[in-house]
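What follows is a short report on a single structure.
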């Protein structure tokens, strides 16, 4: 979950001079005249420079144009990309192998895959999640990092809030995926109605919460009715499959329609022949067929 060491060094090589540049423009903190001076000052003082930078992002462009330290084109490109920073409150929601998931508090919710710098987020804030933080996310070579400083809040979340946050996380993943590069534009990510329907049907909780949306989608596009029956068939198949195994059935095929098992047989072809005999043609596309196998 960390940026490679050489990239961390590159980040600080570029970021600290930018803050020094901000300080020289506004005379915010006396005594910070070079990147080496940061070691002498507490985070509270450095935060004053950060705040001014993000209030005046045009300073990023002027720094790139002036290029006071003669950075290379590649280095200037990295600095220029920081205009697309994302600042706000986030929940460090989950630690994954490749990154930590930062869930924002906006609507619609978005989940960002963020890399740490020298120290992992778990080492900084612990393993008990979620944790709310004030942070700034920056693009860095097609990855997302944070700008080396964030402020955690001393907030605990009860079980009800944790469930709602998990709903927000699932909604964010379903709609946008986990965002791993910046800038990100909602307008460029168009979720299909089929994807929305799959998300609404994913769990019993979702089906209860979004039943109006489910009906609206199906009424708007009759073709989604087939998807609805197929997805619900998968759900029923999991329930029925468990019960059928408990009573000793294996190596058989079953057909489900509207939550009812309407045909079974030793092969799929046998089940298909039964369906042709007992089912109106227009209903066949709604049937979900599954094979019960030995575990």
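The values are calculated or read from the model by the stated rules, or taken from the named source; none is laboratory data. From a predicted model like this one, the values you see are computed outputs, not experimental measurements. Every residue, glycine among them, receives a Cβ derived from its backbone with ideal geometry; neighbour counts consider all protein chains shown.
Looking for something over 19 Å from residue 86 (Cα atoms), surrounded by fewer than 13 Cβ atoms within 10 Å (Cβ to Cβ) and touching a strand residue (DSSP E or B) at 6+ places or on another chain (Cβ under 8 Å) - is there at least one such residue anywhere in the stretch 132-152?
Taking the stretch 132-152 and keeping what is over 19 Å from residue 86 (Cα atoms), we get none.
Checked the stretch 132-152: no residue is over 19 Å from residue 86 (Cα atoms), surrounded by fewer than 13 Cβ atoms within 10 Å (Cβ to Cβ) and touching a strand residue (DSSP E or B) at 6+ places or on another chain (Cβ under 8 Å).
Quick one: residue 78 ticks every box in (1) at pLDDT 95 or above; (2) closer than 30 Å to residue 167 by Cβ; (3) touching a strand residue (DSSP E or B) at 6+ places or on another chain (Cβ under 7 Å) bar one, so which box is it?
(2)
In the stretch 90-108, which residue that is assigned to a loop (DSSP other than H, G, I, E, B) and touching a strand residue (DSSP E or B) at 6+ places or on another chain (Cβ under 6 Å) is modelled with the highest pLDDT?
Taking the candidates together, the pick is 99.
Restricting attention to the stretch 111-121, which residues are surrounded by 15 or more Cβ atoms within 10 Å (Cβ to Cβ) and in contact (Cβ under 8 Å) with a residue 40 or more places away in the chain?
111, 112, 113, 115, 116, 117, 121
A quick yes/no check of all residues on (1) without any contact (Cβ under 8 Å) to a residue 40 or more places away in the chain; (2) within 30 Å of residue 167 (Cα to Cα); (3) in contact with a helix residue (DSSP H, G or I) (Cβ under 6 Å, 6 or more places away or on another chain):
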| site | (1), (2), (3) |
| --- | --- |
| 211 | yes, yes, no |
| 217 | yes, yes, yes |
| 220 | yes, yes, no |
| 229 | no, yes, yes |
| 234 | no, yes, no |
| 255 | yes, no, yes |
| 260 | yes, yes, no |
| 265 | yes, no, yes |
| 281 | yes, no, no |
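All but one of (1) touching a residue at least 12 places away in the same chain (Cβ under 8 Å); (2) more than 32 Å from the chain's Cα centre (by Cα); (3) within 18 Å of residue 151 (Cα to Cα); (4) loosely packed, with under 15 Cβ neighbours inside 10 Å hold for residue 45, so report the exception by its number.
Answer for residue 45: the failing condition is (4).
Where residues in the stretch 122-131 are touching a residue at least 12 places away in the same chain (Cβ under 8 Å) and assigned to a loop (DSSP other than H, G, I, E, B), which of them is surrounded by the most Cβ atoms within 10 Å (Cβ to Cβ)?
130
With the requirement that a residue be crowded, with 19+ Cβ neighbours inside 10 Å and in contact with a helix residue (DSSP H, G or I) (Cβ under 7 Å, 6 or more places away or on another chain), what does the stretch 99-110 give you?
100, 103, 109, 110
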